[in-house]
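Read the structure below first, then the notes.
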Amino acid sequence: MSVYEHLEFRLLKYIVAVAESRTFTAAALRLHVAQSALSTQIRGLEDNLGIKVFDRERGTALTAEGKVLVRYAREALRTRQHIVDTVQAIQAGRMTPLRLGFTPFVHRVFLHSVSALYKELIPDSEIVPESVEAGEVGARIRDADLDAVLLTLPIADDHLRVSVIDRERLLVCMRDDDLLAEHEAVPPAALNQKLSIFTFQRHHPAAYERIVQMFERVGITPRPCNPTMNIEHIQWIVREGACYSLMRAGCPLISGLVTRPIAGVDLTVDTALVSRSDKNKPALCQGRSKTRPLWRSKSRPVDKC
């Protein structure tokens, strides 16, 4: 018998119950099993895997291996529940289309990736995409008007499940003959009142405020500008020498421009999939963390930066 076959769902449930209940007695009552049987089966699993899940000299304190096992046990049990719910919903004809929103700053490559993954997990499923403003996301999801939304963080809503799928650095765009282009990283003081933030002000005020606050900490006051999402226009303004601008690291540049990081500033555009934490479409409920990427694009579109 393979060592992997010893790790049954039943035993995962037992381990989680003991970890949450803090004692074998309380866990046995919760599971409606005899305490002796519960203890014996967990000890048997420990012997078969060659590890200790609980430090019995300290009651039911989790060992380092036990902490890892409990974390993944919870995720595995949730996944099992979603699998059962999904196949039963399909059989009963209760599967409805996935209503997937997306905000203006999201690359289309992520729309394709999320759609393809969902259809891979739920064959024959239908997806209804819809553009949505960043400020409307929380209310649209809470009201069940949308099942999930691809957006650029941040989002101020503790009731949503947030899964980061990509991070891309924001750099300073400048003329290639500018003296600052000689630096590997631009000193923040050199950008004060000279760096404009064009793309976030109107369509994503929360992201704009996050950038402004980070700049304040390093002594940068942004140069006032009229907001625009037209990347070609922004690059033309920079090439004419009117100002510096923020630009995504992967954005293609017109001739005569380069990008450089800001010294001491780790500024990123974070793309995330957000959904309700209490009720979700099956393929969205995978217990992902807030920082672990789910998809990575090998190429980026050239029409939106």
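The values are calculated or read from the model by the stated rules, or taken from the named source; none is laboratory data. Everything numeric here is computed off the predicted structure, so don't read it as measured data. Using ideal geometry, Cβ is built from the backbone for each residue, glycine included, and neighbour counts are taken over all protein chains shown.
Out of (1) in contact with a Gly (Cβ under 9 Å, 6 or more places away or on another chain); (2) assigned by TED's automatic domain parsing to the domain that holds Ala242, the odd one out for Met174 is which?
Met174 satisfies all of (1) in contact with a Gly (Cβ under 9 Å, 6 or more places away or on another chain); (2) assigned by TED's automatic domain parsing to the domain that holds Ala242 except (1).
Restricting to region 198-242, what's the tally of residues that are closer than 18 Å to Glu133 by Cβ and in contact with a helix residue (DSSP H, G or I) (Cβ under 8 Å, 6 or more places away or on another chain)?
Residues that pass the stated criteria total 10.
Would you mind finding the one in Leu180, Leu170 that is part of a strand (DSSP E or B), surrounded by 16 or more Cβ atoms within 10 Å (Cβ to Cβ), hydrophobic (A, V, I, L, M, F, W, C) and in contact (Cβ under 8 Å) with a residue 24 or more places away in the chain?
Being part of a strand (DSSP E or B), surrounded by 16 or more Cβ atoms within 10 Å (Cβ to Cβ), hydrophobic (A, V, I, L, M, F, W, C) and in contact (Cβ under 8 Å) with a residue 24 or more places away in the chain holds for just one of Leu180, Leu170, which is Leu170.
How about region 11-43: which of its residues are without any contact (Cβ under 8 Å) to a residue 12 or more places away in the chain and either of a type in the set (Lys, Arg) or within 18 Å of Glu65 (Cα to Cα) (or both)?
Glu20, Arg43
Go through region 138-154 and count every residue that is surrounded by 21 or more Cβ atoms within 10 Å (Cβ to Cβ) and more than 29 Å from Ala185 (Cα to Cα).
Residues flagged as surrounded by 21 or more Cβ atoms within 10 Å (Cβ to Cβ) and more than 29 Å from Ala185 (Cα to Cα) within region 138-154 amount to 6.
Return the only residue of Glu136, Glu182, Glu126, Glu130 being more than 23 Å from Ala206 (Cβ to Cβ), outside the structural domain of Val212 (by TED's automatic domain parsing) and out of contact with any Ser or Thr (no Cβ under 7 Å at 6 or more places or on another chain).
Glu126
For region 197-218, give me the residue count where each residue is hydroxyl-bearing (Ser, Thr, Tyr) and surrounded by 21 or more Cβ atoms within 10 Å (Cβ to Cβ).
Qualifying residue count, region 197-218: 1.
With the condition kept exactly as written, say whether any residue in region 189-210 is assigned to a strand (DSSP E or B) and either at negative phi or at pLDDT below 90 (or both).
yes
Need a quick list: helices (runs of 4 or more DSSP H) entirely within region 1-103 having at least 2 residues that are closer than 30 Å to Ser113 by Cα and at pLDDT below 90.
Filter on region 1-103 gives 64-92.
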